[in-house]
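What follows is a single structure, and I will ask about it in a moment.
The values are calculated or read from the model by the stated rules, or taken from the named source; none is laboratory data. None of these values were measured; they are calculated from a predicted model. Cβ atoms come from the backbone with ideal geometry, glycine included; neighbour counts cover every protein chain shown. Side chains are part of the model used for accessible areas, which takes the heavy atoms of the whole protein and leaves out ligands, DNA and RNA. Shrake-Rupley method; radii C 1.70, N 1.55, O 1.52, S 1.80 Å.
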Amino acid sequence: MKHTAERYGIDFRQPSVMAVVNVTPDSFYAASRTPQRELIVERVRSAIEEGAAIIDIGGYSSRPGAGDVPLQEELRRVLTGIECVRELSKSIPISVDTFRAEVAAKAVEVDDRIIINDISAGELDSDMVKVAAESGVPYIAMSMRGTPATMASMCRYSDVVSEVADYMRRRSEYLMEQGVSRENILLDPGFGFAKSVDQNYELLGGLDKLFALGFPLAAGISRKSMIYKTLGTGPEESLFGTTALHWELLRCGVTLLRVHDTRAAVDTIRIFNKFKSLNDK
């Protein structure tokens, strides 16, 4: 059976890159901030030229401690981002990074190639699951506790791998019960969201438990604190560490990499695919 999302020109069970476009003034990695239209267009053009399969538009920073963004402002940012992408490409899928059902619904209304990327797996807005079910678009459900403003204080786990895997199992079952097609669900372990540096690495080492649930896996580790705190640097000096972890994510079965640096991730996938083609015989 063909994966439903193949109508977007993507097989989510094969490695691909989702390029981050933050239409925000306060995302954790300063170089990724594109609050003005001309900056959005420049970043999207570069991502497409470098091989991105999906453009991920975010209008609400989800960095730890981030403040609230009014609904209408998030909507304005996201719709501006969609307009900019469509100026450059009529076909590339657009992922909308939001936990608000109204933002997701409006994006689906204005564009027919939308993917919903929800950091809360539908728990911060109960209407989100309904939007995902009724629209029939691909839905990325991520593991997080609390909100961006509170998640840093919610890192207590007795076994982070087992608890995240169990949460993802229960949440995916709920999504399907509510009418979201199994073929449209992707799972994201939520690196950096209500998880300490050590817990992030423990989770990375146990991704086989999430892979065993049978859904494509997405992940965003690009330039995050699990890298720069380990290296004693900052986001700006974290590309090499990001690339190293991208290889490990691919080895563990993750097929959708959410990244700031498109070319580096695309090249990593090309090399990984070459490696796999010669060793999976």
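Among the numbered conditions (1) open to solvent by 10 Å² or more (accessible area, probe 1.4 Å); (2) among the β-branched types (Val, Ile, Thr); (3) touching a strand residue (DSSP E or B) at 6+ places or on another chain (Cβ under 9 Å), tell me where VAL254 comes up short.
Evaluating VAL254 over (1) open to solvent by 10 Å² or more (accessible area, probe 1.4 Å); (2) among the β-branched types (Val, Ile, Thr); (3) touching a strand residue (DSSP E or B) at 6+ places or on another chain (Cβ under 9 Å) leaves (1) as the failure.
Let's see how each residue does on (1) within 23 Å of VAL266 (Cα to Cα); (2) at pLDDT 90 or above:
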position	(1), (2)
HIS3	yes, no
VAL17	yes, yes
VAL21	yes, yes
TYR29	yes, no
VAL41	yes, yes
SER46	yes, yes
ARG77	no, yes
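Could you tell me whether any residue of the range 130-145 is open to solvent by 10 Å² or more (accessible area, probe 1.4 Å) and closer than 19 Å to LEU71 by Cα?
Yes, the range 130-145 contains at least one residue that is open to solvent by 10 Å² or more (accessible area, probe 1.4 Å) and closer than 19 Å to LEU71 by Cα.
If you don't mind, there's one more thing I want to ask. Out of (1) open to solvent by 10 Å² or more (accessible area, probe 1.4 Å); (2) modelled with pLDDT of 95 or more; (3) within 28 Å of VAL129 (Cα to Cα); (4) of a type in the set (Phe, Trp, Tyr), what's the single condition that is false for TRP247?
Here TRP247 clears every test but (3).
What number goes with the only condition from (1) part of a loop (DSSP other than H, G, I, E, B); (2) surrounded by fewer than 21 Cβ atoms within 10 Å (Cβ to Cβ); (3) among the hydroxyl-bearing types (Ser, Thr, Tyr) that THR230 does not pass?
Going through (1) part of a loop (DSSP other than H, G, I, E, B); (2) surrounded by fewer than 21 Cβ atoms within 10 Å (Cβ to Cβ); (3) among the hydroxyl-bearing types (Ser, Thr, Tyr) one by one, THR230 breaks only (1).
Out of the residues in the range 257-281 that are buried (at least 21 other Cβ atoms within 10 Å of the Cβ) and charged (D, E, K, R), which is farthest from GLY214 (Cα to Cα)?
The residue in question is ASP261.
Let me ask something additional. Mind checking which pairs have a first residue in the range 83-110 that is closer than 12 Å to ALA132 by Cα and a second that is in a loop (DSSP other than H, G, I, E, B) and hydrophobic (A, V, I, L, M, F, W, C), Cβ under 7 Å, 6 or more apart or different chains?
Qualifying pairs under 7 Å: PHE99/ILE119; PHE99/LEU124; VAL108/VAL137.
Then there is this: Give the number of residues within the range 179-201 that are surrounded by fewer than 16 Cβ atoms within 10 Å (Cβ to Cβ) and within 16 Å of TYR167 (Cβ to Cβ).
0
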